[in-house]
Amino acid sequence: MTDSAISDAPTGYAAPDPDRLTLYGSFTSSSTFKPMLYLSLSGLSFDFRTVNLKKGWQFTAAYREQVNRYGKVPVLQHKGLTIVDSNVILDYLARTTGVFEPSSEQHRWQAREWLAWEAANITNVAKVRHYSRFREVHPAVMDYFRPEAEAALSFVDQALEGRDWLVGDALSIADLGCWGRMVFMAEGGLEIERWPNIVRWSNAIKAMEGYAFPYDLTPKKDRTFAGR
Ligand SMILES: N[C@@H](CCC(=O)N[C@@H](CS)C(=O)NCC(=O)O)C(=O)O
């Protein structure tokens with residue numbers, strides 16, 4: 001399919017202002033929600049550029065060549081750099097701003113350990129939601145992924161026993177990376193009440209200034225966020 005056959009897709013992506021954080025993403029994407037949540041809770045100012053996944057904007061040559069060669073969201077551009085993958089973006093933001101970065105070196109590594117773990121495990125929660133909401137799959141596929149998703153949620157629930165946060169004693173990129181990708185769990189029939197520590201922990205995140213559910217937080221159109 002040529003780029004022009006993809007409805008309304010931008011034909012090119014001008015390099016953004018290098019001094020501003022520019023996030024590309026989609027409101028239906030939990031991967032996008034992770035850096036969106038980081039930026040919203042931190043109160044940093046940034047620009048959001050929407051990529052309409054339903055219309056297939058991620059497949060255009062322009063997007064692949066100028067923004068993300070994998071044809072996915074999210075992407076962050078800043079200071080002439082292009083940073084791809086939600087967890088790499090969280091790592092970049094924490095390193096460069098210091099916000100939601102644990103204070104000890106051991107905890108900083110542990111936060112990255114959680115991000116690597118979530119990419120291999122909480123991703124099953126996102127798959128169950130995706131196959132429930134966007135794509136019909138053979139029941140055997142769900143029979144494989146649902147227990148994997150439940151096991152990942154149980155692991156996080158256990159890790160939160162007697163603790164407020166996954167790493168150290170403050171919210172960090174570990175919490176945002178894990179909660180961000182499980183946020184749509186109910187759309188996959190994974191009812192949060194089954195995991196009481198996740199309920200408590202996610203309620204603490206939801207109570208923070210700047211929090212909103214992805215459909216309210218991530219815009220459907222390009223937008224500038226002024227920060228606070
Ligand atoms: N590991 C990547 C996954 C990115 C990803 O799969 N993004 C999805 C949305 S959540 C996407 O862009 N899908 C579009 C497509 O596959 O066509 C990350 O965490 O950023």
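No lab work stands behind these numbers, since they all come straight from the coordinates. Since we're looking at a predicted model, the values are computed, not measured. In this analysis, Cβ positions are derived from the backbone assuming ideal geometry, glycine residues included, and neighbour counts consider all displayed protein chains.
What the table below lists for this structure:
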| read-out | value |
| --- | --- |
| Spin-label model distance (nm) - residue 203 vs residue 140, 7 Å beyond Cα toward Cβ | 4.2 nm |
| Antiparallel DSSP beta bridges within the chain, percent to nearest 5 | 65 percent |
| Column: log10 I(q)/I(0), Debye, Cα scatterers of the chain, q = 0.11, 0.15 Å⁻¹ | -0.55, -1.02 |
| Residue with peak Gaussian network fluctuation, the chain [Cα springs, cutoff 10 Å], from 90, 21, 81 | 81 |
| Estimated [θ] at 222 nm from DSSP helical runs (n ≥ 4, -39500 (n - 2.57)) normalised by residues in the chain, nearest 500 | -14000 deg cm²/dmol |
| Computed magnitude of the charge dipole of region 105-206 (debye, nearest 20; Cβ of K, R +1, Cβ of D, E -1) | 300 debye |
| Two-site FRET efficiency, residue 164 against residue 95, from Cβ-Cβ distance with R₀ of 22 Å, rounded to 0.05 | 0.40 |
| Among 151, 204, 140: highest mean-square fluctuation, GNM of the chain, C-alpha pairs under 10 Å | 140 |
| Segment residue 192-residue 59, extension gain: residue separation times 0.36 nm, minus the distance between their alpha carbons | 44.5 nm |
| Simple Cβ-charge dipole of the chain, Lys/Arg +1 and Asp/Glu -1, about Cα centre, in debye nearest 20 | 600 debye |
| All-pairs Cα distance distribution in region 184-228, expressed in whole percent, bin size 10 Å | 21, 43, 25, 10 |
| Kirkwood-based shape ratio for region 105-206, expressed as Rg/Rh from alpha carbons | 0.99 |
